Amino acid sequence: MSKKFVIAALLLAGGAVYFLAGMPRKATTPLADFTVPFVYGHFQVPKENPLTKEGVALGRRLFYDPRLSGNNEISCATCHQQALGFTDGLKASVGASGVPLSFNSMALTNLLWGPQRFFWDGRSVSLEDQALNPIQHPDEMAQDLDALMDELAEDETYKALFDTAYGGISPEAVAMALASFQRTLVSANSRYDQYLRGEISLTPEEEKGRKLFMAHPDAKVAQKGGNCIDCHSQFLTSGFSTALDGFSNNGLDGEDGLLPGLSAVTGKAAHRGFFKTPSLRNIAVTAPYMHDGRFDTLEEVLDHYDSGIKDSSTLSPLIVEADNQPLDRRQRGQISLNLTADEKKAIIAFLHTLTDEDFLTDPRFSNPFEEEAGDDAR
Ligand code: HEC
Ligand code: HEC
């Protein structure tokens, strides 16, 4: 084999890797106005899919485009609506087939932090990996990927956008663009954020709720605990990002009713009934609640944590031992926070401070096709 041939073959192989990794072929622009609060901590963007202005703009367009579905009627935004914190207000989402899905739509907020596994049961390992799932799922968007590639190639605008951002149209590029757009969905201007920055103070009721939210129950201290922060951690109020720490069983079902949850992914019986601990940001607008949308209101959620916990072999130890009563006054087998009606109301008032109106109306996250139609009308 000649030396020249070997080098050419190596270059070709290198080129293939280069293309698969989806490196931009043309000059792209780093996202200039992307800032995140320092207190949210460390986050990672995959090296092979850096945030670029072009990639994000393309992802936004794809997210809102019903042509991504087989019947050209369902877009990502059908089930992930900005005004509802990128959820859909339904108990179980309905897509192309009209058959309700098994799960409640998930909010798409601050996805750069929190558990770096996606879906309620964590079966997807990255946003890139996640994106092609709903497109092909028969009950979601029911689209054939080859047909989609052809459809996109017929559209001059898409052709130009894909060429610039990813050097051409491919399923990988679709996934990378959708992931990039979703990474920019950062919510950081709720009243709680303004409070953290020292710009406002909370009302006495919200402050009481904040303290309850942040405290672990301990009968030895005067401050009662609501226990929430043990799982909905730190400023982000989502589960921990390390390993599988962001998944747990929060007592929705007893032993017999436990769904596989995370155990379907890990194969471990100890993970039965484990689901992703979602961020509570914008929680006041994302009803109904939990993986199956079983609770319509935050009042029902608080009643659950206070007195509705169902015991099982995988129930989180953080809940088992969470009780505000001294040991000798506890009834055996009964798990309860023993909160008063006022205390539950205070926690709900605090949860409302997590609503970020700027995020819910930010034009950068809105439907670009409506924006374009508006431009044309002008
Ligand atoms: C028919 C409704 C529907 C459509 C359409 C839909 N989704 Fe979803 N989405 C859901 C539901 C329901 C879940 C939770 C599903 C599960 O856990 O199995 C979800 C979960 C997600 C998650 C995981 C979030 C997390 O925190 O783990 C992401 C990301 C996401 N969707 C993005 C998208 C994108 C991108 C599209 C378009 C390509 C899309 N979705 C289309 C209903 C939908
Ligand atoms: C042991 C960990 C744990 C504790 C403690 C905990 N949560 Fe949760 N929370 C979860 C998990 C896990 C889920 C998702 C469960 C599911 O859907 O199966 C969840 C879901 C929720 C939801 C619904 C989110 C959505 O998008 O549907 C709300 C609201 C909520 N929790 C509020 C609270 C409040 C308020 C407290 C304190 C009173 C609290 N949680 C304490 C783990 C916990």
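Per DSSP H run of at least 4 residues, take -39500 (n - 2.57); add these up for the chain, divide by its residues and hand me the 222 nm value, nearest 500 deg cm²/dmol. Before the final figure, lay out the partial values.
Details: 15 runs with 134 residues, N = 378.
The per-residue figure over the chain is -10000 deg cm²/dmol.
Averaging over all projection directions, find the projected area of the Cα convex hull of region 68-109 and quote it in nm² with one decimal place. List each step's numbers first, then the result.
Details: hull surface 11.9 nm².
Computed as one quarter of the Cα hull surface, the answer is 3.0 nm².
For the residues VAL301, VAL39, VAL285, what sequence is obtained by ranking on other C-beta atoms within 10 Å, fewest first?
So the residues, fewest neighbours to most, are VAL39, VAL285, VAL301.
For a quick check: sort ASP292, ASP155, ASP193 by the number of other beta carbons within 10 angstrom, fewest at the front.
Fewest-to-most Cβ neighbours within 10 Å comes out as ASP155, ASP292, ASP193.
Can you run phi through the Karplus equation (6.51, -1.76, 1.60; θ = phi - 60°) for region 357-366 and list ³J(HN,Hα) in whole Hz, with x for Gly and Pro?
Couplings: 4, 4, 5, 5, 10, 4, x, 5, 9, 8 Hz.
For PHE274, what residues show an amide H to amide H distance below 5 Å, using hydrogens built from the backbone and excluding near sequence neighbours?
Distant-sequence amide H within range of PHE274: LEU262, SER263.
Mind checking the log10 I(q)/I(0) for region 169-261 at q = 0.14, 0.17 Å⁻¹? Debye, one equal scatterer per Cα, no solvent, two decimals.
Taken in order of the listed q values, log10 I(q)/I(0) reads -0.81, -1.00.
Could you tell me the convex hull volume per residue, in Å³, taken over the Cα atoms of the chain?
182 Å³
Relative to the compact globular guide of 2.2 N^0.38 Å, what is the alpha carbon radius of gyration of region 10-186, as a ratio?
For region 10-186, the normalised Cα radius of gyration is 1.03.
Given DSSP loops and a limit of at most 14 other Cβ atoms within 10 Å, what is the longest stretch of the chain that contains no such GluC sites (Glu not before Pro)?
200-320
Looking at the chain, what % of its DSSP beta bridges pair antiparallel, to the nearest 5?
Numbers: 8 of 9 bridges.
So the antiparallel bridges in the chain amount to around 90 percent.
Using only alpha carbon pairs under 8 Å that are at least six residues apart, calculate the relative contact order of region 10-186 and give it in whole percent.
Worked out over region 10-186, it gives 30 percent.
With θ set to phi - 60° and the Karplus curve 6.51 cos²θ - 1.76 cosθ + 1.60, what are the ³J(HN,Hα) couplings of region 95-100 in order, to the nearest whole Hz, using x for Gly and Pro?
Per residue, the Karplus-derived 3J(HN,Hα) values read x, 4, 7, x, 7, x Hz.
Per residue, what volume in Å³ does the convex hull of the Cα atoms of region 227-378 enclose?
On the way: hull volume 23.4 nm³, N = 152.
For region 227-378, the hull spanned by Cα atoms encloses 154 Å³ per residue.
Please state the equivalent ellipsoid semi-axes for region 77-141: what are the square roots of 5 times the Cα gyration tensor eigenvalues, largest first, in whole Å?
19, 15, 10
Could you work out the relative contact order of the chain, using alpha carbon pairs under 8 angstrom and six or more residues apart, expressed as a whole percent? Show your work: numbers first, answer last.
Details: 689 pairs, mean separation 74.7, N = 378.
Computed value for the chain: 20 percent relative contact order.
Taken together, the values in this text are just the output of simple stated rules run on the coordinates, not laboratory data. Keep in mind that what you see is a predicted model, and the values were worked out from it rather than measured. Every residue, glycine as well, gets a Cβ built from its backbone with ideal geometry; the counts of neighbours run over all protein chains shown.
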